[in-house]
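The values are calculated or read from the model by the stated rules, or taken from the named source; none is laboratory data. Fair warning: this is a prediction, and the values are worked out from it, not measured in the lab. Don't worry about glycine lacking a Cβ; one is built from the backbone with ideal geometry, like all the others, and counts go over all protein chains shown.
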Amino acid sequence: QIREFLALLATCHTVVPENKMHTDLLNDIVYQASSPDEYALVSAVKEMGVVFFRRTPDSVIINFRGEDEAYEILNVLEFSR
């Protein structure tokens, strides 16, 4: 259940990943977020080895401790204050 929770934190958000160093290293990814809460959650799971690194119009791709996993985006609820 913890694995599923970490994957949920790494995928259910509107954060945008950027690799300003233009390398394939997951550590070089920085995040742009409309909410400090979303930024904090995605950054925290990154420190635990669950790295959100790519978003397409239809999916979110994470690296879960060395293995890439793609999740289909079913719906997006934008963050609101």
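Which of the residues spanning the range 3-35 are part of a helix (DSSP H, G or I) and either of a type in the set (Phe, Trp, Tyr) or closer than 22 Å to residue 74 by Cα (or both)?
3, 4, 5, 6, 7, 8, 9, 10, 11
Residue-wise test of (1) within 24 Å of residue 4 (Cβ to Cβ); (2) in contact with a Lys or Arg (Cβ under 7 Å, 6 or more places away or on another chain).
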| residue | (1), (2) |
| --- | --- |
| 18 | no, no |
| 24 | no, no |
| 30 | no, yes |
| 42 | yes, no |
| 48 | yes, no |
| 62 | yes, no |
| 66 | yes, no |
| 69 | yes, no |
| 78 | yes, no |
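Step by step: first the residues of the range 36-57, then only those that are out of contact with any strand residue (DSSP E or B) (no Cβ under 8 Å at 6 or more places or on another chain) and either in contact (Cβ under 8 Å) with a residue 60 or more places away in the chain or among the aliphatic types (A, V, I, L, M) (or both), then the one that is nearest to residue 76 (Cα to Cα). Which residue is that?
Among residues in the range 36-57 that are out of contact with any strand residue (DSSP E or B) (no Cβ under 8 Å at 6 or more places or on another chain) and either in contact (Cβ under 8 Å) with a residue 60 or more places away in the chain or among the aliphatic types (A, V, I, L, M) (or both), the one nearest to residue 76 (Cα to Cα) is 41.
Quick check on the range 41-50. Is at least one of its residues at pLDDT 95 or above and assigned to a strand (DSSP E or B)?
Yes, because at least one residue in the range 41-50 is at pLDDT 95 or above and assigned to a strand (DSSP E or B).
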